[in-house]
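For reference, the structure is listed below as structure tokens.
We did not get these values from a lab; they are worked out from the coordinates using the rules stated. Since the model is a prediction, treat every value here as computed from it, not as a measurement. Here Cβ is always computed from backbone atoms with ideal geometry, including for glycine, and neighbour counts include all displayed protein chains.
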Amino acid sequence: MRFTLAAYNGGPGNVAKIRCTAGKIGYDPNLWFGNCEMAALKVVGQEPVRYVRNINKYYVALKLALTQEEKGDQQREQKGMERQTY
């Protein structure tokens, strides 16, 4: 998913260059965080790195919020309470 986001933002050709560069400088070309993102900074600059990081941050926050909501629903169900909607 992260490579797809980087390609959407920076172009698929640039992602291919980033992965090639990552391999040449000793990083894993199949991992984005801590590897290809370092090569991306050298090849195309900060924009794709920032874009992927921001989208990932929002994804993790949404996933956490949904997990917490599901836990709350389960607890309310066990107690026989109804969910409040606003």
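Limited to the range 28-54, what total is found for residues that are polar (S, T, N, Q), part of a helix (DSSP H, G or I) and within 15 Å of the chain's Cα centre (by Cα)?
Going through the range 28-54 one residue at a time, the tally reaches 2.
Does the range 10-22 hold any residues that are more than 17 Å from Asn54 (Cα to Cα) and surrounded by 15 or more Cβ atoms within 10 Å (Cβ to Cβ), and which are they?
Asn14, Val15, Lys17, Ile18, Arg19, Thr21, Ala22
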